[in-house]
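Structure first, then comments.
Any read-out appearing in this document is the output of simple, stated calculations on the displayed coordinates, not a laboratory observation. Being a predicted model, the structure only gives us computed values, none of them experimental. A quick note on method: Cβ atoms are made from the backbone with ideal geometry, for glycine too, and the neighbour counts reach across all protein chains shown.
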Amino acid sequence: MTSQLFRWTILGFIGLATTTIVGCTRWIDVIPSPNSRQESVTQTIPNNDRVPFVMEGFRMMQNGSPRNPSIEIEQRILNTVQETRLFSTLVPLGGNSPSLDEKMVTARMTFDETIDPHSGAAAWKGFVIGASMFLLSPVIELDYGYAAKTSLEIERWDGQVKRYDAQSAGTVHYHLFGATPMMIDELKGQVAEACLMDLMDQLVRDTGFYMASGTPLPESAIRTVTVKARNPLLSPAPLSVVPVSTAPTP
Amino acid sequence: MTAAGTYAADGSPMITVGTQEVGLTAGYLLPHRLTTDHTTKQQGPALMPSWMMTITDPVGEGWNRGQVSIGAEAVYIEFREPVLTHGFGFTPKIKYTFVALDQVRPYVEFAGGPFWTDLAGRIPEESSRFNFVLTSGFGLSWFITPQTSLNVGYRFHHISNAGTRYPNLGLNASLPFGGFSFYF
């Protein structure tokens with residue numbers, strides 16, 4: 001009788017510990033851009049060959065809809081550009097640009113994020129977890145997907161334009177008791193990081209394009225601009241699908 | 001990359017996936033005798049501490065835009081009529097909160113789980129002490145701060161033993177309630 005009670009107590013503790021540990025787990029799978037390379041690129045550029053980088057435009061989209069640009073994201077992009085040490089100074093959106101007779105590059109960036117919270121599946125799974133008195137919480141996995149696509153268009157002082165694109169996607173897999181608002185931030189942060197790293201990698205490969213000594217200023221200091229109205233979006237853009245990671249769990 | 005947590009920059013609540021809610025609700029049980037066989041006028045105060053976890057971002061458009069959360073609630077009822085007895089229960093709970101109105105958020109909820117009461121056996125409707133409780137209702141959360149809400153609402157309350165023992169007519173009641181929740 002005593003040994004049976006002891007056995008059941010041990011089994012109970014093991015069950016409780018397993019439920020608690022497994023039920024609180026979460027992990028993030030990030031799928032980098034298919035074009036991203038594994039090896040990092042290193043280029044050197046003399047200090048006097050570096051030119052200012054002026055952020056001229058920044059557009060953000062979420063699930064196909066335009067939204068207000070986030071200062072936080074812009075700052076993060078500028079920090080990432082700064083880390084390349086490719087440019088002498090960085091001027092944020094609306095900042096004071098260097099004089100027109102100075103060599104500089106202007107940048108226009110778009111940041112398109114796609115959120116796939118798997119709400120329908122989460123609601124059903126939540127119902128099943130609740131109906132099981134939370135016993136199934138360690139085995140039922142919930143997912144939250146996020147993808148980011150960035151494009152950076154850089155115009156050199158002589159009017160030449162280069163465009164870089166990068167994308168990344170990720171999914172946070174979690175069990176009910178492991179959910180926290182921070183995990184969404186972590187997912188977005190990691191996906192954006194992968195995206196920006198790929199973008200900067202492409203930028204650094206073009207170091208020669210941005211060296212001040214490479215190309216003289218054009219004769220005329222007057223820069224030409226093209227002004228046109230944007231076509232209104234006649235129909236909402238379709239929601240893109242977040243790729244689901246097949247990477248093994250860590 | 002966007003601000004997560006329980007509040008947005010403008011002070012309105014921003015409840016995201018993973019936001020937890022703990023709450024305390026109190027109410028008073030008022031009997032419904034739905035058939036002529038029901039004679040007991042069970043009534044008394046009820047206390048319901050709860051925990052919830054938001055599991056979806058807002059879904060839908062317009063007035064029915066809302067979020068799903070699941071969790072659990074403990075129920076204690078002190079039956080003052082027809083005889084002073086007690087009831088304890090534990091109910092997993094699912095809730096859909098309408099978020100269109102921002103600081104005032106209506107919700108509908110459903111909960112069900114085991115319920116023990118010593119009232120059973122002393123009344124003609126119920127014979128076993130082990131029962132189940134099912135509740136469904138609606139309420140209104142008023143966010144007085146981005147992380148705190150006052151809640152009022154109504155629940156229909158049913159207690160029966162799922163036919164495990166007879167008689168099993170079931171006890172039905174209304175439960176108007178009020179309380180507060182804290183989000184984190």
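The figures follow:
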quantity	calculated
Paramagnetic reach from A:S132 in the stretch A:182-213 [backbone N under 17 Å; point 7 Å along Cα→Cβ]	none
For A:Y210, A:Y164, order by how many other beta-carbon atoms lie within 10 Å, fewest first	A:Y164, A:Y210
Sequence-distant residues sharing a close amide H with B:F132 (under 5 Å, placed H)	B:F115, B:S160, B:N161, B:A162
Antiparallel bridge percentage (DSSP; both residues within the stretch A:32-210; nearest 5)	70
Inter-label distance, nm, simple model (7 Å from Cα along the C-beta direction), A:T2/A:V139	3.6
Spin-label pair B:F88/A:E186, simplified geometry with 7 Å Cα→Cβ offset, distance in nm	3.6
Sequence-distant residues sharing a close amide H with A:S97 (under 5 Å, placed H)	none
FRET efficiency, B:F180 to B:V104 (Cβ-Cβ, R0 22 Å, nearest 0.05)	0.90
Rough spin-label spacing in nm, given labels placed 7 Å along Cα→Cβ, for A:Q62 and B:W51	3.0
Span from the the stretch A:108-172 Cα centroid across to the the stretch B:117-184 one, whole angstrom	39
Zero-based 10 Å bins, Cα pair distances in the stretch A:11-103, whole percents	11, 24, 26, 16, 10, 7, 3, 1
Under the Karplus curve 6.51 cos²θ - 1.76 cosθ + 1.60, θ = phi - 60°, whole-Hz ³J(HN,Hα) for the stretch B:146-163, x wherever Gly or Pro sits	x, 10, 10, 10, 9, 10, 9, x, 9, 10, 8, 10, 10, 10, 7, 10, 6, x
For the stretch B:115-184: span of alpha carbons on each principal axis (Å, largest first)	49, 21, 18
16 Å Cα-Cα reach of B:K93 towards aspartates and glutamates, excluding residues that sit fewer than 8 places from it in its own chain	B:E21, B:E73, B:E109
Kirkwood Rh in Å, taken over the stretch A:32-210 so that all alpha-carbon pairs contribute	18.3
Under 5 Å, built H, 5+ apart or other chain: amide partners of B:S141	B:R105, B:Y107
Förster radius 30 Å - calculated FRET efficiency between A:A17 and B:A26, Cβ distance, rounded to 0.05	0.30
Over 32 Å [Cα-Cα, the protein assembly as shown], rounded percent	54
Volume in Å³ per residue [convex hull over Cα atoms, computed for the stretch B:20-183]	100
Straight-distance crosslink candidates among lysines, where the alpha carbon sits under 22 Å from A:K188 and sequence neighbours closer than 8 are dropped	A:K149
Dipole moment magnitude, nearest 20 debye, the stretch B:20-183 about Cα centre, only Lys, Arg, Asp, Glu C-beta charged	220
